1. Taking the residues in the range 504-533 that are of a type in the set (S, T, N, Q) and surrounded by fewer than 19 Cβ atoms within 10 Å (Cβ to Cβ) as candidates, determine which candidate is farthest from Val477 (Cα to Cα).
2. Scanning the range 241-289 for residues that are closer than 13 Å to Lys205 by Cα and in contact with a Cys (Cβ under 6 Å, 6 or more places away or on another chain), which turns out surrounded by the fewest Cβ atoms within 10 Å (Cβ to Cβ)?
3. Please state which one of Thr195, Thr168 is over 38 Å from the mean Cα position of the chain (by Cα) and β-branched (Val, Ile, Thr).
4. Look through the range 244-288, keep the residues that are assigned by TED's automatic domain parsing to the domain that holds Leu185 and small (Gly, Ala, Ser), and return whichever of them is nearest to Lys319 (Cα to Cα).
5. Just need a number here: residues in the range 481-503 that are closer than 24 Å to Gly523 by Cα and loosely packed, with under 12 Cβ neighbours inside 10 Å.
6. Would you confirm, using the coordinates I've provided, whether Asp301 is acidic (Asp, Glu), loosely packed, with under 15 Cβ neighbours inside 10 Å and over 30 Å from the mean Cα position of the chain (by Cα)?
7. So which residues in the range 458-480 are of a type outside the set (Asp, Glu) and surrounded by fewer than 18 Cβ atoms within 10 Å (Cβ to Cβ)?
8. Anything in the range 336-358 that is buried (at least 20 other Cβ atoms within 10 Å of the Cβ) and within 13 Å of the chain's Cα centre (by Cα)? List them, or say none.
Amino acid sequence: MSEDLEATIRKYALQNAVLYSGKANPKAVQGKVLAESPELRSKVKEVLPLIASIVKEVNVMSPESQYRELEGIDASMLKKEKGERRIGLPMLPGMEKGKVVMRFAPGPSGPLHLGHTRVAILNDDYCRNYDGRFINRMEDTNPEKVDPDAYDMIPQDLEWLGVKVHQTVIQSDRFDVYYDVARKLIEMGKAYVCTCPVEEWRGLKEKCLPCPHRDEDVGATLDKWENMLSGKYEEEKAVLVVKTDLKHPNPAVRDFVGLRIVTSVPHPIKGDRYCVYPMMNLSVAVDDHFLGLTHVLRGKDHLNNTLRQEYIFRYFGWKMPHYTHYGLVRVPEAILKTSIVGRGIRSGEYSGWDDVRLGTVRALAKRGFRPEAIRHFWIDCGIKETDIEFSWDNLYAYNKDLVDKGANRYFFVWDPVRLQIEGAQELRARAPRHPDHPELGDRKFHLTAPIAVQVVGKDLESARQAGKVRLKDLGNVELRDGNAHYLGNDLSVLKEGFRIIHWVPDGSLPASVIMPSGKSMDGFVEPVPQEEEGRVVQFERFGFVKVESVSPKLLAYFTH
């Protein structure tokens, strides 16, 4: 690890200690280090031990020493900035309390997935910090990709995420606004109706040459426009094109299609009321203006779109929002594309939008993720231009911090094998419901002869090689002759290297845990009270799970 990295870690460890009573929190330091250097996220497992070591060094220093050292590094870090919540979201140009208006613009092709949550949460966080307005704008002007159920599912997902929506706008309700702007662009000489074959038009602009219709007089263009609106053209036979600069060095920015004809697919909520549909670059620019957007967050893959949309703002003399383009994110091991998921649901491959194999918000909620964990993850990632890879391990860590303190513990045995215990007439065991909350009491077990337990098959196989094993909280046994022979309950055997394995009494409740792969892990679980339904618990040595039901068998979904 470089000296620069060590200096960065120490700087934030000192700051966290100075601001919080002399004790730095490794998690808080980790968040700030990764926010400043997002390229380290792929190496987080290597960085964590260094953070822990430096935090330990800082925490043994006196508060006065911490203060003096940080003052020598950067005195501005000695005080919290007013209103600062978490590092990662800097103030954007022109942001004023009570005047910020931002938007989230999903296409209603299905519910939200993990990728959508990034821009929704970042916009929401800015609006909360600056008393702004958050607009949820449904961009449904491509009827082929609209799922009518999404109009309800998206607001439900935003609510679960904790995103506060002040206004909902549906673009298909605004066609008259787009038509009015299109007509004005024609009258200004800034748009034309092209009836060339698509490839011919595209080939001309790639050569910086005008379409033959580009310079037609306004009257002729308006006649063509009215013919488009009245349905006299078939699909792909006419488009309204917004003029830009045919000599622009970037071919993607040269003249772009503003509206097209769609007649083959009726709109799911508008039917065949309209046959001319706005393209994204026109509708987005128009709505960003008329809805009063002050700031727009978008991925850097929209850089060309921003350049196109600027032309519309300039033609009308509209004030442009401040655009921030952040780096792209790759989400490994996640099925996100709604068209693929939709087909899978219709074919029966997936049980629904909340199938745990998916990366939808609904699937994450079903598995027991907390919305705050997703929020913390994205805010700590920030809005830098660097591309990032989504880290499931980091999300798991954020979620564990939230659920661990409230997750009761239970024994779960998967792929079980029955083990007979000889040499004892009765055995008693008790295990804490939660190791950090003794006030919750213990889980108590009372086994009487003939005594048998269920253990994990692989655990038993490994234990046979050692010969002796400790059944957690129950006692020590020696494995021979196919059975377990009771050796007592002396904890000192742990110093001898006795392996500890989990168990449940023979005859325990059957249980199935559905894994993110869709595979079911089947076995037995100790009694779990009904009030745990809908909650996250921890199956010791297995992981956190969200309990769906406890009767007639326990069904749970693996969280992490």
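The values are calculated or read from the model by the stated rules, or taken from the named source; none is laboratory data. Here the structure is a predicted model, which means the values were calculated and not measured. Every residue, glycine among them, receives a Cβ derived from its backbone with ideal geometry; neighbour counts consider all protein chains shown.
1. Ser517
2. In this case the residue turns out to be Lys247.
3. Thr195
4. My answer is Gly258.
5. Final tally of qualifying residues: 1.
6. no
7. Within the range 458-480, Lys458, Ser462, Arg464, Gln465, Ala466, Gly467, Lys472, Leu479, Arg480 qualify.
8. Within the range 336-358, Leu358 is the sole residue that qualifies.
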